[in-house]
Amino acid sequence: QVELVESGGGLVQAGASLRLSCAVSGRTFSTFAMGWFRQVPGKEREVVIVISATGGATHYADPVKGRFILSRNYDADVKNVIHLQMTNLEPDDTAVYYCAAKRITKYSANVAYTEAHEYDYWGQGTQVTVSS
């Protein structure tokens, strides 16, 4: 059983920083493509930043370029852990942030998947609220 455990999030003022973390528990002998999505009420879940299983490919959504950074450690015991460092937060960043993981094959190890429906596992979501 694969589970995604998220941490971080909270209420901050505009211009502040936050760090979200996500760890895959369970079937950790596999390496997953991973990423962060976010969703506000009434809208579809949208990609924030995603990374391939190898780390060789990433995709950053335009609104977060230059402000958010995704990091991933490939040490054997923490290879399925990602961190989302968010800086200079804006009120429009307010959303529930979801961590996602996707099983990969040897042919898709360097693909950064950008569509929510492509992912196999999801975290419970963590609220990020940015006040003006």
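Look through segment 103-132, keep the residues that are in a strand (DSSP E or B) and more than 14 Å from VAL47 (Cα to Cα), and return whichever of them is most open to solvent (accessible area, probe 1.4 Å).
So, considering only residues that are in a strand (DSSP E or B) and more than 14 Å from VAL47 (Cα to Cα), the one most open to solvent (accessible area, probe 1.4 Å) is ARG103.
Considering only segment 75-102, state which residues are assigned to a strand (DSSP E or B), open to solvent by 30 Å² or more (accessible area, probe 1.4 Å) and within 19 Å of ALA14 (Cβ to Cβ).
Kept after step one, since they are assigned to a strand (DSSP E or B), are these residues of segment 75-102: 81-86, 95-102.
Then drop every residue that is not open to solvent by 30 Å² or more (accessible area, probe 1.4 Å), which leaves 81, 83, 85, 96, 98, 102.
Within segment 75-102, GLN85, VAL96 qualify.
Restricting the search to segment 1-33, which residues are at pLDDT below 95, aliphatic (A, V, I, L, M) and over 15 Å from the mean Cα position of the chain (by Cα)?
Once the filter is applied, which keeps residues that are at pLDDT below 95, aliphatic (A, V, I, L, M) and over 15 Å from the mean Cα position of the chain (by Cα), segment 1-33 yields only VAL2.
So is SER30 surrounded by fewer than 21 Cβ atoms within 10 Å (Cβ to Cβ) and assigned to a strand (DSSP E or B) or not?
no
Residues are listed down the side, and each one gets a yes or a no for (1) hydroxyl-bearing (Ser, Thr, Tyr); (2) in contact (Cβ under 8 Å) with a residue 24 or more places away in the chain; (3) under 13 Å from LEU4 (Cβ atoms):
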| residue | (1), (2), (3) |
| --- | --- |
| HIS83 | no, yes, no |
| ASN88 | no, yes, no |
| ALA95 | no, yes, no |
| CYS99 | no, yes, yes |
| VAL111 | no, yes, no |
| ALA116 | no, yes, no |
| GLY123 | no, yes, yes |
| SER132 | yes, yes, no |
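Taking the condition of being open to solvent by less than 10 Å² (accessible area, probe 1.4 Å), over 10 Å from the mean Cα position of the chain (by Cα) and touching a residue at least 40 places away in the same chain (Cβ under 8 Å), how many residues in segment 34-68 meet it?
Qualifying residue count, segment 34-68: 2.
Just one of (1) part of a loop (DSSP other than H, G, I, E, B); (2) of a type in the set (A, V, I, L, M, F, W, C); (3) open to solvent by 30 Å² or more (accessible area, probe 1.4 Å) trips up ALA23, so point out which.
Of the numbered conditions (1) part of a loop (DSSP other than H, G, I, E, B); (2) of a type in the set (A, V, I, L, M, F, W, C); (3) open to solvent by 30 Å² or more (accessible area, probe 1.4 Å), the odd one out for ALA23 is (1).
Keeping to segment 43-52, report how many residues are at pLDDT 95 or above and assigned to a loop (DSSP other than H, G, I, E, B).
3
The values are calculated or read from the model by the stated rules, or taken from the named source; none is laboratory data. Everything numeric here is computed off the predicted structure, so don't read it as measured data. Note that we place each Cβ from the backbone using ideal geometry, even for glycine, and neighbour counts take in every protein chain shown. To get the accessible areas, we keep the full protein, side chains included, count just its heavy atoms, and leave off ligands, DNA and RNA. Shrake-Rupley method; radii C 1.70, N 1.55, O 1.52, S 1.80 Å.
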